[in-house]
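Here the structure is laid out as structure tokens; the discussion comes afterwards.
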Amino acid sequence: MVCQRDSVPAVEGEPRHQKVGPAMKRKSELPFDPQLFLSKVNGGQRISDYRKDQIVFQQGDPSDAAFYIQSGKAKKTVISEQGKEAVVALMDAGDFFGEGCLAGEVLRLSTVSALTKCTIARISKADITRVIHEEPAFAELFIAHLLARNSRVEEDLVDQLFNSSEKRLARTLLLLANFGKESRPEPIIAKVSQETLAEMIGTTRSRVSFFMNKFRKLGLIDYNGSIEVHSSLLNVVLRDQPQIKS
């Protein structure tokens, strides 16, 4: 059961200076107050709590609203006609998703579910369109989100094409732990199954298990149910990074 809430707690964070890649950096803080914004759309009443693994929307559902993650993490998956599932994006607090409705998307092209406990605001297409026109600060934030999302897609493509599954796993763990973002890192990741990690990086569970044990033996992570990521794992990602020549 989804619990409706009337208000949104403030999001706090401290700057972080470690660098992993352009899309892994959190966009600069803008003069935007989520609580103030949400109060202007339907009185701020469309805020819901989702438990871990609960679905926000499914592939094929009507595309009639965008969403804003107030807290927690979510994942976007796509299922093929043969039933194969792939994780195509990870999303964190401060991210929007479902914005395809603004570009004429009629049906959802993917499924979004909570990777951890989440608080998510649903914003109708009409409301978000109106606020983009009326609130310059929000428009600036939303454009920054779209640009960051585009950079992230390009980085993910490079990662998939050129990097080994070991590097892809290391990068995914760092993303889950918020390393390289301006918000405070969260070294201890809520329990994520090896099956889910395998779906995220496009490999098998056995390969994920092998590399997780390797990272643990090297002291890059602590892994005992929950995962604690150490900053030294950055070395796995930064080593021999592929370079794109223009």
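Dividing the alpha-carbon radius of gyration of segment 81-185 by 2.2 N^0.38 Å (N being the number of residues), what value is obtained?
Numbers: Rg = 15.7 Å, N = 105, 2.2 N^0.38 = 12.9 Å.
The reported ratio for this selection is 1.22.
Full-extension gain between residue 129 and residue 238, please, as 0.36 nm times their residue separation minus the C-alpha to C-alpha distance.
On the way: separation 109, 0.36 × 109 = 39.24 nm, distance 3.95 nm.
Extending this stretch completely gives an extra 35.3 nm.
Taking 0.36 nm per residue of sequence separation and removing the Cα-Cα distance, the residue 218/residue 86 pair yields an extension gain of 44.6 nm.
Annotation for segment 117-136 versus segment 220-234: alpha-carbon center distance of 36 Å. Each of residue 164 and residue 151 was given a label point 7 Å from its Cα along the Cα-to-Cβ line. The distance between the two points is 2.8 nm.
Loop-resident chymotrypsin sites (Phe, Trp or Tyr not before Pro) (DSSP state other than H, G, I, E or B) in segment 103-203 with no more than 15 further Cβ atoms inside 10 Å of their Cβ are absent. Assuming charge only on the beta carbon of Lys and Arg (+1) and of Asp and Glu (-1), the dipole of segment 54-98 about its Cα centre is about 160 debye to the nearest 20. Pairs spanning more than 23 Å between alpha-carbon atoms, out of 73/217; 52/125; 73/167: 73/217; 52/125.
Give me the number: length gained by fully extending residue 51 to residue 191, i.e. 0.36 nm times residue separation minus the C-alpha to C-alpha distance, one decimal in nm. Write down the numbers at each step before the final one.
On the way: separation 140, 0.36 × 140 = 50.40 nm, distance 1.32 nm.
Length gained between residue 51 and residue 191: 49.1 nm.
Here the 3J(HN,Hα) profile of segment 203-215, calculated from phi with Karplus coefficients 6.51, -1.76 and 1.60 at θ = phi - 60°, is 9, 9, 4, 5, 5, 4, 4, 4, 6, 4, 5, 5, 4 Hz, Gly and Pro shown as x.
None of the figures in this text is laboratory data; all of them are computed from the coordinates on show. Since the model is a prediction, treat every value here as computed from it, not as a measurement. As a convention, Cβ positions derive from the backbone with ideal geometry for all residues, glycine included, and neighbour counts pool all protein chains shown.
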